[in-house]
Amino acid sequence: MGNRWQAGWAGRRGMLGADRVPASWRFAVTTFIGAKAVLTLVGMLALIAFDRMSWAPPADEWTMRDQQQTVSPHRWLSFWFAWDSFLYDHLSGLPLDRPWREFGFPLLYPFLGRALAPLLGGHTAMALLVVANFAFLLMLYYAHRLGEGLLGDDVAARRFVRYLVLLPAAFLFQAALTESLFLCLALAAFHYAERRRWVLVGVVGFFLALSRSVGFLVVVPLASMLLSQHDLRFGRRVLWGCVRAGWPLLLLPSGWLTFMAFCRWQGGDWFAYQHAQKQGWGVSVQNPLGVLWHGLAGGSLADALRAGAAGLALVVLVAGVRQIGLPYVVYGVMMVLVPLSMGPPVYKSLLRYLLAAFPVALVLAGWARPAALDRWLTAGLALLQGVLFVIWLAYWNHFII
């Protein structure tokens, strides 16, 4: 009976053409739909419960709810917009034939929303949400492909994707924010670098640098990967081979220089982004380890928890260096320390920024090969993310974003 049912199901899949879809795509789509369904259901149940509570949202956060209702009357859509989402929406709608005054954010994400908006009746906010979710789907695909190559088999690759989706603040991959776009491009860059397709690495890296300020620094771990593919030797012939293969890496800093040139063209200041960050959010370059220690020892309990998450990520990355390789550890450490170098203002968004450190999930996927450990780790991460998701929905956004 069981064999007959399996044969029948296989036949139906064949008729539907599912077998012709690559396994990585099938898994990515299934994971995307599952994550979307679960979080939407949990989100709506939480919002219904909060409607009965006077403290959710807090009195000073009602503006956020009003902004969400302006975006959409459907709460299962509108709750995916918070804080920076509305700033990106504002940038998406600014006319390009007038002087530009907004330099606080790199422009890839809002410009993608601007390009898509005409297909959605000019609704830039919905266009941004579509861009973020499409990037989330692509991110899952590239994560599975990269995991297969690094961890050696499909089971471990799926475990990596699962942990990536279950990272504490990973629900933000579905929000109208830049997290899914940045990580999609980062994973794609490493995927193509592993396959020595350096022209594609450069093209993807150009847009990676336009998506977030830390993006152009990814040239460092990618360059170390290029050297490792040439056995880290420094003879004239080897170096010439590196230059000939890896010249597209120059496109990464070129991406950020393109944004700087836009700032100079529109605002007369190459460093308008840096000045806008300092004036708007009090961001200034500081010693990241000092900022980490201040959060752990000298801040509030909330700051200590967020800084503790960053410290734990660093420990996992360093402990996993033999398992995932130096380039991935360098990338992960950069994704933790560079945000911390912004100073104490980063604490409010630190859990969000830590999502970029995907090698943490790679290390966990390698460690959790025993089934019992995998089950416990999966359950623990799911529970932690659920708690943070409900906190986010209660509009205590300053803990997460």
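The values are calculated or read from the model by the stated rules, or taken from the named source; none is laboratory data. This one's a predicted model, so the numbers in the text were calculated from it and none came from an experiment. Because the Cβ atoms are built from the backbone with ideal geometry, glycine has one as well, and the counts that use them run over all protein chains shown. Ligands, DNA and RNA are excluded from the accessible area calculation, which covers all protein heavy atoms including side chains. Shrake-Rupley method; radii C 1.70, N 1.55, O 1.52, S 1.80 Å.
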I need the Debye-formula profile for region 123-188: one equal scatterer per C-alpha, no solvent, reported as log10 I(q)/I(0) at q = 0.11, 0.20, 0.23 1/Å, two decimals. -0.26, -0.73, -0.90
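How would region 323-362 be classified by its alpha-carbon gyration tensor: rounded, prolate or oblate, with rounded meaning a/c under 1.5 and the a/b versus b/c comparison settling the rest?
It is oblate, given that a/c is not under 1.5 and a/b is not larger than b/c.
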What full-extension length gain, to one decimal in nm, is calculated for R244 and I391 as 0.36 nm per residue of separation minus the Cα-Cα distance? 47.9 nm
Net charge of Cβ neighbours under 13 Å - reference A175; Lys, Arg +1; Asp, Glu -1: -1
Quick one: if you take sqrt(5λ) for each eigenvalue of the C-alpha gyration tensor of region 163-215, what semi-axes come out, biggest first, whole angstrom? 22, 14, 7
In Å, the Kirkwood hydrodynamic radius from C-alpha pairs for region 133-289 sits at 17.3
Share of the chain's accessible area from carbon and sulfur, percent, 1.4 Å? 67
Principal axis dimensions, region 244-283 - Cα atoms, whole angstrom, descending: 42, 22, 7
In vacuo Debye scattering of region 45-140, one point per C-alpha: log10 I(q)/I(0) at q = 0.11, 0.19, 0.24 Å⁻¹? -0.39, -0.97, -1.26
When the expected Rg is taken as 2.2 N^0.38 Å, what fraction or multiple of it is the alpha-carbon Rg of the chain? 1.02
Under the Karplus relation with 6.51, -1.76 and 1.60 and θ = phi - 60°, whole-Hz ³J(HN,Hα) for region 77-88, x at Gly and Pro, equal 9, 5, 6, 7, 10, 7, 6, 4, 4, 6, 5, 5
So between F111 and R369, what do we pick up on full extension, going 0.36 nm a residue minus the alpha carbon distance? 88.7 nm
Zero-based 10 Å bins, Cα pair distances in region 317-400, whole percents: 16, 36, 37, 11, 0
Taking only the Cα positions of region 212-330, the convex hull volume per residue in Å³ is 141
Sites excluded, trypsin sites (Lys or Arg not before Pro) in DSSP loops with at most 15 other C-beta within 10 Å, longest stretch of the chain: 234-401
Per residue, what accessible area does the chain have, given a 1.4 Å probe and all protein chains present, in Å²? 48
R0 of 25 Å, Cβ-Cβ distance L384-A23: FRET efficiency to nearest 0.05: 0.30
Among S54, S85, S72, determine the one that fluctuates most according to a GNM of the chain built with springs between C-alpha atoms less than 10 Å apart. S54
Percent of all alpha-carbon pairs of region 254-401 at distances over 26 Å, whole number, is 37
